[in-house]
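Have a look at the structure below before the remarks.
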Amino acid sequence: MTETPLDPLSALAVRHGTDKYGEHLYTPDYHRLFAHLRDRKLRLLEVGVGGYGYPDHGGQGLRMWAAYFPHAHIVGLDLHPKRLAMPANVTIRQGSQDDPAVLDRLWHQDGPFDIIIDDGSHQVAHVLATFHHLYPRLPDDGIYVVEDTQTAFWPEYGGTPPGTGSIHDLAHSIALGLNRLEMEVAGPVALDTPYAAITHEVRFLRNLIVFQRGDNTYPSIRKFDVGHPGVRAVLQHLDRAGHEAATPGPWLTRAKIAFSAGDMVAASIAAATGLARFPGNPDLTQMLALASIRPLMPAAHEIR
């Protein structure tokens, strides 16, 4: 049987003795998540240094991250004082992860952070407190990871067998809330959706939850707003591509956007402009016809 080679991060985990590969299988997922960021001058915060209350123990994960991200500033936060020899790009701070003053001071001293990994106490209340305080501060492309989320099911960590009231519930509400604009079109939104407007993705893995920051205000197709900055950026790309394209695609997309926004004049102009370059194209011809009879047509979301 041929042995599958380790990915670079898992190899570093083995070298430094962190439980992120072995007791857990986090590093293969982390490598898939972070590989494209390895050469960036980013700032990474890991909550929890390891080694419990022993000042000369722990730090294996920090050493792994320091080697994986050689141009990054790696910061570890731990409740206990640590006396550990660390690479030059690693800083260790002391304090509780659920203390707002500690987190504020940490952000001021070492932030802003691009990646935050919570491998701290794993207490349900602490995990939520840290997330609520730090997640909104991440940049639009920031990544927040909560490790060992299995403790949300264990009473000794403040969890419950179904994991209710934990980071799982919060993550689930955010994941559903990614579609909140579609919910609003359908009717009143009863679901609590904190952070949905600033989250691009929520990824559930075994014992890991990954939150990817990003703008999530792009309008719903059922209530399309061409004045939205994101839509304006898309239209600029389409206009540029339309003058250079060898296909009718940019003009067709331009016409569909206008159609969804209820602007039949703009839809007709986009379709007609495309037809001038690509005479007889069936999709543009259909869009031009649809724009002319829009009052008799079903809702815009039914047009594809």
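Where the second residue is crowded, with 20+ Cβ neighbours inside 10 Å and aromatic (Phe, Trp, Tyr) and the first is closer than 16 Å to residue 226 by Cα and lies in the stretch 241-266, which pairs have Cβ atoms under 8 Å and are six or more apart or on separate chains?
Once the first residue is closer than 16 Å to residue 226 by Cα and sits in the stretch 241-266, its partners that are crowded, with 20+ Cβ neighbours inside 10 Å and aromatic (Phe, Trp, Tyr) give 257/224; 260/224; 261/224; 262/224.
Return the pairs, sorted by first residue and then second, in which the second residue is outside any loop (DSSP other than H, G, I, E, B) and at pLDDT 95 or above, the first residue lies in the stretch 81-93 and is not assigned by TED's automatic domain parsing to the domain that holds residue 108, the beta carbons are less than 8 Å apart, and the residues are 6+ apart or on different chains.
none
Just to be sure before I move on: is residue 99 free of Cβ contacts under 8 Å to residues at least 12 places away in the same chain, assigned by TED's automatic domain parsing to the domain that holds residue 113 and under 18 Å from residue 121 (Cβ atoms) in the structure I sent?
Judged against the criteria, residue 99 is a match.
Name the residue that is modelled with the highest pLDDT, counting only residues in the stretch 238-248 that are in a helix (DSSP H, G or I) and surrounded by 17 or more Cβ atoms within 10 Å (Cβ to Cβ).
By that ranking, first place goes to 238.
Could you say whether any residue in the stretch 205-224 is β-branched (Val, Ile, Thr), in contact with a His (Cβ under 8 Å, 6 or more places away or on another chain) and surrounded by 15 or more Cβ atoms within 10 Å (Cβ to Cβ)?
Yes, some residue in the stretch 205-224 is β-branched (Val, Ile, Thr), in contact with a His (Cβ under 8 Å, 6 or more places away or on another chain) and surrounded by 15 or more Cβ atoms within 10 Å (Cβ to Cβ).
Is it the case that some residue within the stretch 190-201 is surrounded by fewer than 15 Cβ atoms within 10 Å (Cβ to Cβ), within 28 Å of residue 115 (Cα to Cα) and not assigned by TED's automatic domain parsing to the domain that holds residue 151?
No: the stretch 190-201 contains no residue that is surrounded by fewer than 15 Cβ atoms within 10 Å (Cβ to Cβ), within 28 Å of residue 115 (Cα to Cα) and not assigned by TED's automatic domain parsing to the domain that holds residue 151.
Suppose we filter 39, 56, 98, 19 for residues that are closer than 17 Å to residue 144 by Cβ, acidic (Asp, Glu) and either assigned to a loop (DSSP other than H, G, I, E, B) or out of contact with any helix residue (DSSP H, G or I) (no Cβ under 7 Å at 6 or more places or on another chain) (or both); which single one remains?
98
Could you grab the pairs with beta carbons closer than 8 Å, sequence gap of 6+ or different chains, first residue in the stretch 157-179 and surrounded by fewer than 18 Cβ atoms within 10 Å (Cβ to Cβ), second one part of a loop (DSSP other than H, G, I, E, B) and acidic (Asp, Glu)?
Hits for this filter: 173/192.
Is it the case, given these coordinates, that residue 235 is over 30 Å from residue 116 (Cα atoms), free of Cβ contacts under 8 Å to residues at least 24 places away in the same chain and surrounded by 15 or more Cβ atoms within 10 Å (Cβ to Cβ)?
For residue 235, the condition - over 30 Å from residue 116 (Cα atoms), free of Cβ contacts under 8 Å to residues at least 24 places away in the same chain and surrounded by 15 or more Cβ atoms within 10 Å (Cβ to Cβ) - is met.
Considering each residue of the stretch 107-130, count those that are in a helix (DSSP H, G or I), surrounded by 22 or more Cβ atoms within 10 Å (Cβ to Cβ) and within 21 Å of the chain's Cα centre (by Cα), and give that number.
2
Looking for something buried (at least 17 other Cβ atoms within 10 Å of the Cβ), under 20 Å from residue 20 (Cα atoms) and in contact with a Phe, Trp or Tyr (Cβ under 7 Å, 6 or more places away or on another chain) - is there at least one such residue anywhere in the stretch 69-86?
For the stretch 69-86, residues buried (at least 17 other Cβ atoms within 10 Å of the Cβ), under 20 Å from residue 20 (Cα atoms) and in contact with a Phe, Trp or Tyr (Cβ under 7 Å, 6 or more places away or on another chain): present.
Would you confirm, using the coordinates I've provided, whether residue 53 is on the phi > 0 side of the Ramachandran plot and either exposed (fewer than 14 other Cβ atoms within 10 Å of the Cβ) or at pLDDT 95 or above (or both)?
It is false that residue 53 is on the phi > 0 side of the Ramachandran plot and either exposed (fewer than 14 other Cβ atoms within 10 Å of the Cβ) or at pLDDT 95 or above (or both).
Only one of these is touching an Asp or Glu at 6+ places or on another chain (Cβ under 8 Å) and closer than 22 Å to residue 112 by Cβ: 148, 140. Name it. Give the steps one after another, and end with the answer.
Details: 148 fails: closer than 22 Å to residue 112 by Cβ.
Going through 148, 140 in turn, the sole match is 140.
The values are calculated or read from the model by the stated rules, or taken from the named source; none is laboratory data. Every value quoted in this text rests on a predicted model; they were computed, and no experiment measured them. Every residue, glycine as well, gets a Cβ built from its backbone with ideal geometry; the counts of neighbours run over all protein chains shown.
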